[in-house]
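Take a look at the structure below.
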Amino acid sequence: MSTETFDWGLKEAVEIVEFLTTKNVQADWGFRETIDKAVAMVEGEQESQRKAEAAKKARIEKAREKAKMLRDKIMLPLLNDLCDDFATDEERVLPEWRVQCREDADAFCGVAATPMLDAGGSTCFTISAESAVVEDGDSVNLSVVCSSVHPKDTSASQLAPLFDTATKLPVEQPFDEWSSRTWVYKQLAECARMCVLTRMRQPVPQA
């Protein structure tokens with residue numbers, strides 16, 4: 001190795017050491033900035049997730065309040081009206097209806113049911129009107145189901161649906177009490193019709 005080459009290499013090494021030790025160069029070479037950006041990105045993601053979860057929770061709670069209101073202000077009163085009309089019917093067709101109120105986390109239900117209609121306990125009828133939260137609180141489903149129950153019929157399902165329908169109400173849509181009440185009324189009227197026809201065409205033997 002020539003003296004010139006050695007001197008050049010020594011000079012380069014000295015310059016590198018001076019560069020590394022100069023006060024104008026950050027000690028972490030910008031790694032701190034990279035780390036801070038990564039931390040900020042994750043914290044931003046976590047904050048966005050918290051906001052999304054809070055918004056979803058608020059949306060579901062709003063939908064639950066609407067569903068409960070639909071049951072209490074519309075479904076239960078109409079079910080009670082139906083049962084009163086059955087009870088005062090001159091022909092006394094299925095007069096012994098009872099209305100119950102049920103609910104779970106996201107569904108609010110009114111159920112009208114008859115007792116077993118003969119001593120053998122062979123038949124009863126149920127009408128269920130439910131408002132349920134769906135699609136993470138974006139909508140509330142209204143449903144009306146009418147069934148004839150045959151506990152002793154082991155050859156088929158105990159529940160024999162006579163009528164089953166549903167509709168969807170967007171939670172953000174302004175509430176129209178009249179149209180909602182009209183919809184439920186029409187469905188319950190069809191349930192009443194099906195119960196009467198079923199009972200009168202297939203009378204249960206009396207004990």
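The values are calculated or read from the model by the stated rules, or taken from the named source; none is laboratory data. Please read all numbers here as calculations on a predicted model, not as lab measurements. Every residue, glycine as well, gets a Cβ built from its backbone with ideal geometry; the counts of neighbours run over all protein chains shown.
Remarks
- Selection count where residues are crowded, with 19+ Cβ neighbours inside 10 Å and modelled with pLDDT of 85 or more, scope the range 112-125: 4
- Test result for Leu159, crowded, with 16+ Cβ neighbours inside 10 Å and either modelled with pLDDT under 95 or closer than 17 Å to Asn80 by Cβ (or both): no
- Residue check, Cys101 within 20 Å of the chain's Cα centre (by Cα), at pLDDT 90 or above, buried (at least 17 other Cβ atoms within 10 Å of the Cβ) and closer than 24 Å to Asp81 by Cβ: no
- Long-range neighbours under 8 Å by Cβ, at least six apart or interchain, first residue farther than 13 Å from Val171 by Cβ and outside the structural domain of Val140 (by TED's automatic domain parsing) within the range 50-70, second at pLDDT below 95 and not hydrophobic (A, V, I, L, M, F, W, C): none
- Pairs with Cβ under 6 Å, 6+ apart, first in the range 163-190 and within 18 Å of Val134 (Cα to Cα), second surrounded by 12 or more Cβ atoms within 10 Å (Cβ to Cβ) and hydroxyl-bearing (Ser, Thr, Tyr): Ala166/Ser143; Lys168/Ser139; Pro170/Ser139
- Residue satisfying all of: in the range 71-89; free of Cβ contacts under 8 Å to residues at least 60 places away in the same chain and within 25 Å of the chain's Cα centre (by Cα); surrounded by the most Cβ atoms within 10 Å (Cβ to Cβ) among these: Leu76
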